[in-house]
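Reviewing the structure listed below.
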Amino acid sequence: MREREDRQDIGELLIRYATGIDTRDWPLFRTVFTDDCELDYGEIGAWHGVDAVVEFMTVAHEMAGHTMHRITNQVVSVDGDSATARAYVDALIMSQDNRSGVNATGFYDDEFVRTTDGWRLRRRRFTTVLLRMVEAA
């Protein structure tokens, strides 16, 4: 039963990541990560530490219009106080006027650790599968 709850908690953490970005709730977004997290988003960039991640995402989305980060197909494996997951991501980031934007799809390979505050993301590698420009209808 505990493993099922752990998988659910990690799934909710992934949704908190998306919600934090899409609502620009940076204090909520910060709660996703360990202080010493490492994120590698390939050509987009790599960051070490929660402060660097939050700063990048804040600046990157400051001039954006609507955004929609959808995280699906979560496969989570729990081993005591650590866990791994692969999840698909389909991110739509519109320009400030919401007339054009970019759609990035791919997957996250994540490592999590259980903390006194619950599960936190320690490492992430994002693999891009498709990146395309979009225009609103």
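The values are calculated or read from the model by the stated rules, or taken from the named source; none is laboratory data. In this text the structure is predicted, and so the values were computed from the model without any measurement. Positions of Cβ are generated from backbone atoms using ideal geometry, with glycine treated the same way; all protein chains shown enter the neighbour counts. Ligands, DNA and RNA are stripped out before the accessible areas are found, and what is left, the full protein with its side chains, is counted by its heavy atoms. Shrake-Rupley method; radii C 1.70, N 1.55, O 1.52, S 1.80 Å.
Yes or no: ALA18 in a helix (DSSP H, G or I), open to solvent by less than 40 Å² (accessible area, probe 1.4 Å), within 22 Å of LEU131 (Cβ to Cβ) and of a type in the set (Gly, Ala, Ser)? So ALA18 fits the description; yes. The set of residues in the range 32-63 being in contact with a strand residue (DSSP E or B) (Cβ under 9 Å, 6 or more places away or on another chain), closer than 19 Å to MET94 by Cα and open to solvent by 20 Å² or more (accessible area, probe 1.4 Å) consists of ILE44, PHE56, ALA60, MET63. Filtering the range 119-137 to residues that are open to solvent by less than 40 Å² (accessible area, probe 1.4 Å) and over 17 Å from the mean Cα position of the chain (by Cα) leaves only VAL134. Among the residues of the range 39-57, is there at least one that is touching a residue at least 60 places away in the same chain (Cβ under 8 Å), in a strand (DSSP E or B) and under 14 Å from the mean Cα position of the chain (by Cα)? Among the residues of the range 39-57, at least one is touching a residue at least 60 places away in the same chain (Cβ under 8 Å), in a strand (DSSP E or B) and under 14 Å from the mean Cα position of the chain (by Cα), which makes the answer yes. Here PHE112 fulfils each of the conditions (1) surrounded by 15 or more Cβ atoms within 10 Å (Cβ to Cβ); (2) farther than 30 Å from GLU3 by Cα; (3) under 15 Å from the mean Cα position of the chain (by Cα) apart from (2).
Under the condition of being open to solvent by 30 Å² or more (accessible area, probe 1.4 Å), touching a strand residue (DSSP E or B) at 6+ places or on another chain (Cβ under 7 Å) and closer than 17 Å to ARG7 by Cα, the residues counted in the range 80-92 number 5.
May I ask you to say which residue of SER77, SER95 is open to solvent by less than 90 Å² (accessible area, probe 1.4 Å), within 20 Å of GLY118 (Cβ to Cβ) and not aliphatic (A, V, I, L, M)? Going through SER77, SER95 in turn, just one is open to solvent by less than 90 Å² (accessible area, probe 1.4 Å), within 20 Å of GLY118 (Cβ to Cβ) and not aliphatic (A, V, I, L, M): SER77. Among residues that are open to solvent by less than 70 Å² (accessible area, probe 1.4 Å), part of a strand (DSSP E or B) and farther than 18 Å from ARG16 by Cβ, VAL102 is included.
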